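The values are calculated or read from the model by the stated rules, or taken from the named source; none is laboratory data. Bear in mind that the values here come from a model prediction, so they are computed numbers and not experimental data. Because the Cβ atoms are built from the backbone with ideal geometry, glycine has one as well, and the counts that use them run over all protein chains shown. All accessible areas refer to the heavy atoms of the entire protein, side chains included, with ligands and DNA or RNA removed. Shrake-Rupley method; radii C 1.70, N 1.55, O 1.52, S 1.80 Å.
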Amino acid sequence: MLFNSFKYIFFLGIVVTAYYCLPPKYRLFLLFLASCVFYLAYKPEYIFILFFLISIDFVTAFFIAKAKGRRRILLLLISLGMNLGILFFFKYVPFLATLFQLNNDSNNSWFLLPLGLSFHTFQGMSYAIEVFKRKQKPIKNIGMYALYIMFFPQLAAGPIERPQQLLPQFLKKHDFVHSNIVIGLRLILWGMVKKIVIADRLGVIVNLVYAKPHEYNTGIILLATILFAFEIYCDFSGYSDIAIGSARLLGYKLVTNFSFPYLARSIADFWTRWHISLYTWFRDYIYIPLGGNRKGTIRRLCNILIVFALSGLWHGAGLHYIVWGLLNGLLICLTSGKFFPKKEAQPNKKLSILSRGVQALVTFLLIDITWIFFRAQSTNEALAILSKIFHGLQNFPEYIPQIYSLSSTKIFAMLLFNEFTQQIIIAIILVVALLISEMYLASHLSFSRLAIGIRWAVYFLLLFSMLVLGDVSKQKFIYFSF
Amino acid sequence: MKKTFFLQFTCFWLLFLLLGYFFVFATEHFTTSYTRDDAHANLVYIAKQKTYDVVFLGSSHAITVFGNKKTYKDTSAILHKKYLTLANAGSGVLPQKIYLDYFFAEKNKTTYVVYLLDPWALYYRQWNEENYFVAEEAFRIRFLSLLLTHPFDRQVPIEYIRNKFTYLRFIPEQKIKQKILSKKDITPDLIAKTLHHYYPRHPEEKNFQHYSVILEDMIKLAKKNNSQVIFIIPPTLLAKNLPGIEEEKKLLNKLQHKYDVHFYDYSSAITDPSLYLDMDHLNRQGADLFTEKFVKPILP
């Protein structure tokens, strides 16, 4: 059941209505049932894998809390091993089989990745590790643990929750609170617009160009690469907004997963704003246990590279994902050399808006270069695209006189003539609108404080944009593939 | 609190539906589909990647003979050809070039382009750059871009967009009253009135040269798309009175040799007033006769 579908909206409406109509003691059961329905809508037989993992994690965590010494470590390894084993099996075995020509089924239909596998395994491992570290008491109710893993707003693609964040919320009574409903609906609307209107529109051009990059000139490839940066952001953050908004309707607060990443002014800062729940997971369970920044500079840089290599591997079974991860790690090492640096207490107020803008632009361009490896089908293809871009940029000065000789009306009309360029114009307008919206939201100016007329006008505009420009329920979310 | 929320929620969606209704109502001309019988809009008939035997260009003189509407089946049966008419009432060479541009841009093909070219089409801005033919046209972004890249008056593309927001459904059906003209109806007054309609001012040579260039561009466009071009001076009862007709014949003769196009002067082909609606538009009988005896033989 895709988030960007009428089916989900209908499903959510029923669940929220039933939730507030039912007595509090039945509400968790309703959420569990709803989560099962949500999961079963995907591939019903895989629910047994999910129940299996839930059972293993629940039981091992229970015994970890009671055990001592090596037995605790062994039980933890069993829990982590089961999770990683299943993740490895579904995610990497098909790729390896194809690589070694053991599997002729190019669709890998039997190995269809279970919904949210990469996310709920990490969430389950987080629970086991926190119990091991004695920062979390094991839950005695398997139903509640199951709900922690299966909670439908964040089951498919995160945010990856921590037990200390989510579990206590299941024990609280959630009354109907007006602000929760309004914030929830607002987030869902914004998430839908980002996905349906912006991401899917940009995807039309990106998919065309990246399917056959050799058929397009440098300018178009460069534009498609820039548009991909916004496509993946809108796709994933749109999903996160819908997830967080859906949970908020029920009174639950999920962690923020994106914090205006393209306004970041350094690579390190970018990775504190992008897919926050995943990269804090890596920080807490990989980077810090490896020594973090406490074992000297070389060790710190190695740890950063390991974390990012693993994050690349998490995203997919392909060398280009690992290269993508390593590139980002390398960029951090070459720039600030810090992973998740502490934010400065006082931001540097001496920098002008222009300077901050240039920093953000340079950061964006560096990140965008790495996105080429993420989007391309292989490392070779990514290198070919990169090479074409750089060669094209070298020849750019030759085209300046030709462009200068055309009037703006003529350029605009020529762009309108072709369906492909029409899509590009729409895409650029949408990206500009997105950036303006993001800058407004990042400025912490409270949208709720605006007059009701203005708020409603904005909602109408967003709804109309979905109706006029949107393509509902046809495109799945990019991160569902992970 | 629940009551307040549900009240606001309900009001919001009611207002949204109301606004949506007005929005759709006001912009229906952007997306409404028309049938052949109720629309003048040529763009409605231009599909993509279609192949035709003939595309007819021209003014209302071409429409009365080769209109896309009710008469299509009959005329197509006479010609034994699949055809499309891009003619438009009062259309000069520039609007016709836009239609032809659009036709080929949509990856359509045709064996012949037959242009029923009136001499007045080569003399006046009101039939060309200042022609508001777009008022009845369906909205197409590519067509808008063509309007912007050709030297139309600024108001033409503006009117094209603005007209689509009218709440009135502005697709008037052209009802042609089939009548028979008699000799006694042809008075000097009628002749003068008709000529003044087509030639509001003295025709100027520089305009003729300007539109001749556009005509040549049309020929090149057709040739580029492997279509043969045929020019016809359509039949009229004003053949002896029409200013510029001799200049037009000289031009078409020259183009015939330069571009290997064909040219037929049928201005005096039909002289019986009973085959006309007025001084220069054939009635149904006249149209069928013209098609059978004069057009069909030149389209092998």
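Each row is one residue, and each column tells you yes or no for (1) of a type outside the set (A, V, I, L, M); (2) outside any loop (DSSP other than H, G, I, E, B); (3) buried (at least 23 other Cβ atoms within 10 Å of the Cβ).
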position	(1), (2), (3)
B:A87	no, no, yes
B:P95	yes, yes, yes
B:F103	yes, yes, yes
B:A121	no, yes, yes
B:P157	yes, yes, no
Within the range A:1-35, residues of a type outside the set (A, V, I, L, M), in contact with a helix residue (DSSP H, G or I) (Cβ under 7 Å, 6 or more places away or on another chain) and closer than 18 Å to A:N141 by Cβ come out as A:R27, A:F32, A:S35
Determine which single condition A:K68 fails, assuming it passes every other condition in (1) open to solvent by 20 Å² or more (accessible area, probe 1.4 Å); (2) assigned to a helix (DSSP H, G or I).
-> (2)
Can you confirm whether the range A:419-436 contains a residue that is at pLDDT 80 or above, over 30 Å from B:L147 (Cβ atoms) and open to solvent by 50 Å² or more (accessible area, probe 1.4 Å)?
-> yes
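Residues being within 16 Å of the chain's Cα centre (by Cα) and either surrounded by fewer than 18 Cβ atoms within 10 Å (Cβ to Cβ) or assigned to a helix (DSSP H, G or I) (or both): count how many of those fall in the range A:153-192. Full working, then the answer.
Looking only at the range A:153-192, we keep the residues that are within 16 Å of the chain's Cα centre (by Cα), and these are A:153-161, A:187-188, A:190-192.
Of the ones still in play, those that are also either surrounded by fewer than 18 Cβ atoms within 10 Å (Cβ to Cβ) or assigned to a helix (DSSP H, G or I) (or both) are A:153-155, A:187-188, A:190-192.
Going through the range A:153-192 one residue at a time, the tally reaches 8.
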Does at least one position in the range A:346-354 carry a residue that is open to solvent by 20 Å² or more (accessible area, probe 1.4 Å) and either within 30 Å of A:L87 (Cα to Cα) or at pLDDT 90 or above (or both)?
-> no
Whichever residue in the range A:39-58 is without any contact (Cβ under 8 Å) to a residue 60 or more places away in the chain and buried (at least 16 other Cβ atoms within 10 Å of the Cβ) and, among such residues, is nearest to A:A157 (Cα to Cα) = A:I47
Residue list for the range A:232-258, filter: part of a loop (DSSP other than H, G, I, E, B), under 17 Å from A:I276 (Cβ atoms) and of a type outside the set (A, V, I, L, M, F, W, C) = A:K253, A:T256, A:N257
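The rows are residues; the columns are (1) touching a helix residue (DSSP H, G or I) at 6+ places or on another chain (Cβ under 9 Å); (2) open to solvent by 40 Å² or more (accessible area, probe 1.4 Å); (3) of a type outside the set (A, V, I, L, M, F, W, C).
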site	(1), (2), (3)
A:I242	yes, no, no
A:R248	yes, yes, yes
A:F282	yes, no, no
A:T297	no, yes, yes
Restricting the first residue to the range A:438-467 and requiring it to be within 14 Å of another protein chain (Cβ to nearest Cβ), which pairs with a second residue that is of a type in the set (V, I, T) meet a Cβ separation below 7 Å and a spacing of at least six or different chains?
-> A:L462/A:V193; A:S465/A:V193; A:S465/A:V197; A:M466/A:V193; A:M466/A:I196; A:M466/A:V197
Looking at this structure, is B:L242 in contact (Cβ under 8 Å) with a residue 12 or more places away in the chain, over 23 Å from B:G67 (Cα atoms) and not in a loop (DSSP other than H, G, I, E, B)?
-> no
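For residues that are among the hydroxyl-bearing types (S, T, Y) and open to solvent by less than 30 Å² (accessible area, probe 1.4 Å), scanning just the range A:93-146, find the one that is modelled with the lowest pLDDT.
So the first thing to find is which residues in the range A:93-146 are among the hydroxyl-bearing types (S, T, Y), and the list is A:98, A:106, A:109, A:118, A:121, A:126-127, A:145.
Retained after the next criterion (residues that are open to solvent by less than 30 Å² (accessible area, probe 1.4 Å)): A:118, A:121, A:126-127, A:145.
Details: A:S118: 89, A:T121: 92, A:S126: 95, A:Y127: 95, A:Y145: 94.
Filtering first and then ranking leaves A:S118.
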Determine whether the range B:27-36 contains at least one residue that is in contact with a helix residue (DSSP H, G or I) (Cβ under 7 Å, 6 or more places away or on another chain), within 14 Å of chain A (Cβ to nearest Cβ) and at pLDDT 75 or above.
-> no
